[in-house]
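Inspection log for the structure reproduced underneath, given as structure tokens.
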Amino acid sequence: MVSIVILNYNGRKLLGECLKSVLALKYADKEVIFLDNASTDDSVEYVLKNFSEVRMVVNKENSGYAGGANKGIEVSRGEFVFILNPDIVFESDYLDVLMRRVGRDAKIGAIIGKLRKYDFEHHKKTNLIDSAGLLMFKNRRCVDRGQGEEDLGQYDTAEEVFGITGAAPLYRRSALEDIKVCDEIFDNDFFMYKEDVDVSWRLRLAGWKCFYEPEALAYHGRGTGVLSRDSSLKVAKNRGALSKFQRFYSYKNERLMRVKNELLPHALRDLPHILFKEVLMSGWIVLREQFLFKSVWHFIKQLPRALKKRREIMKAKNTSAKEMRKWFV
């Protein structure tokens, strides 16, 4: 069985299209759980009134993506867990295609299809790529492969990728249990942003595969829009589209993630790339984003817990440094 967990926080305007497409998925052996993170709009009332077949779980407080995902995994029953943002719309065979693929390879711990951009304002599917899996650079910037590109078939090969974006990942429950650290699957210190990269990195270290299957097609609304981030210049140009909230958590969590998962041989080998990025970012903070000094302070406060988690991750590591090396491009 597949447990479909929709994580919602004030997503009322998106829920109609999302839930209709989820319930229209052809895959038969599934349960659908709507997990609300203490929304202040009428999301819960809307779902109760219009989608009675969906199981409702309501958190008393907003625990972020990480806490919501952990709760969803805890209350679900399926051998596979499909965690969704409410800004996703599916082709009806999406889940069938992914389940056929994971049925052929027991080492696939996480899988995603091809995500294109969905225009919720005009209720329209587009041909712009949102994600074809996660790509990790040598400077440790992680991006959605192909984001912002027109889909011309350049990502039509089914293949392993470094990781899976958190918009619509399908996880094998046994893989998630295998990477549990300090009794957490998703890191609650992250709250939200980069937790999908962290889980992907830990899956890789534990010997699980992250896989991209382009025959499965879905559409993602992504509030910030599809932004190309394959160079430092493009990152700087597009940062204005991100809220201070997003930048605060992204900065802190990226560094916590590296503390937890980085292998020393890789860090030493890529040190020039990493240092160059950190020097650029430090200058940017001083000149343009002084509010991130608070993010640095929160990183320092959470560092002891990250180091404790690192010890558990490294103790359970089941992949060689040589095998991991190929994922830093």
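Which order do Glu160, Glu184 take by accessible area at a 1.4 Å probe, largest first?
Putting Glu160, Glu184 in descending order of accessible area: Glu160, Glu184.
Which GluC sites (Glu not before Pro) does region 51-119 hold that lie in a coil by DSSP with at most 11 other beta carbons within 10 Å? Counting only loop positions with at most 11 other Cβ atoms within 10 Å, the GluC sites (Glu not before Pro) in region 51-119 are Glu53, Glu61. In terms of accessible area, using a 1.4 Å probe and ignoring ligands and nucleic acids, Thr165, Thr157, Thr126, Thr40 rank largest first as Thr40, Thr157, Thr126, Thr165. Here the sum of -39500 (n - 2.57) over DSSP H runs of 4 or more residues, divided by the residues of the chain, equals -13000 deg cm²/dmol at 222 nm, to the nearest 500. In this calculation the C-beta distance from Val329 to Asp119 is compared with R0 = 25 Å, giving a FRET efficiency of 0.25. Here the simple spin-label model places points 7 Å from the Cα toward Cβ, and for Thr157 and Lys60 these points are separated by 5.2 nm.
Counting alpha carbon pairs within less than 8 Å and at least 6 residues apart, what relative contact order, in whole percent, applies to the chain? Once divided by the residue count of the chain, the mean separation gives 19 percent. Computed extension gain for Ser243 through His298, at 0.36 nm per residue and net of the alpha carbon distance, reaches 18.0 nm. Heavy-atom accessible area for His298, with the other protein chains in place and a 1.4 Å probe, reaches approximately 50 Å². In this Cβ point-charge picture (+1 for Lys and Arg, -1 for Asp and Glu), the chain has a dipole of about 1440 debye about its Cα centre. Relative to the longest principal axis of the chain, what angle (0 to 90°, nearest 10) does the C-alpha long axis of helix 292-316 take? Result, in degrees: 80.
A probe of 1.4 angstrom, applied to the heavy atoms of all protein chains, finds Ser92 with accessible area near 40 square angstrom. Within the chain, antiparallel bridges make up roughly 45 percent of the DSSP beta bridges whose residues both belong there.
Per residue, the accessible area of the chain comes to 45 Å², computed with a 1.4 Å probe over protein heavy atoms only. Of the residues Lys277, Lys71, Lys209, the one that moves most in a GNM of the chain with alpha-carbon contacts below 10 Å is Lys277. The accessible area of Met1, taken with all protein chains in place and a 1.4 Å probe, comes to roughly 60 Å².
Please list Leu264, Leu280, Leu205 from largest to smallest accessible area, probe radius 1.4 Å, with all protein chains kept in place.
On the way: Leu264 115, Leu280 85, Leu205 0 Å².
Reading off the accessible areas and sorting them downward yields Leu264, Leu280, Leu205.
The Thr126 and Lys49 beta-carbon pair, evaluated with R₀ = 22 Å, returns a calculated FRET efficiency of approximately 0.15.
Size check on region 69-178: the Cα extents along the three principal axes, sorted descending, read 36, 36, 26 Å. Build a GNM of the chain with springs between Cα atoms under 10 Å apart, and of Ile164, Ile129, Ile285 the one that fluctuates most is Ile285.
Using a Gaussian network model of the chain whose springs link C-alpha atoms within less than 10 Å, name the residue from Gly221, Gly146, Gly78 with the highest mean-square fluctuation. Of Gly221, Gly146, Gly78, the most mobile in the Gaussian network model is Gly78.
Expressed as a whole percent, the accessible area of the chain that falls on carbon and sulfur atoms is 54 (1.4 Å probe).
Model label points for Thr40 and Arg269, set 7 angstrom from Cα along the Cα-to-Cβ axis, are 4.8 nm apart.
The values are calculated or read from the model by the stated rules, or taken from the named source; none is laboratory data. Every value quoted in this text rests on a predicted model; they were computed, and no experiment measured them. Glycine also receives a Cβ, built like all others from the backbone with ideal geometry; neighbour counts cover every protein chain displayed. The protein model used for the area step is the full one, side chains on, heavy atoms only, and it has no ligands, DNA or RNA in it. Shrake-Rupley method; radii C 1.70, N 1.55, O 1.52, S 1.80 Å.
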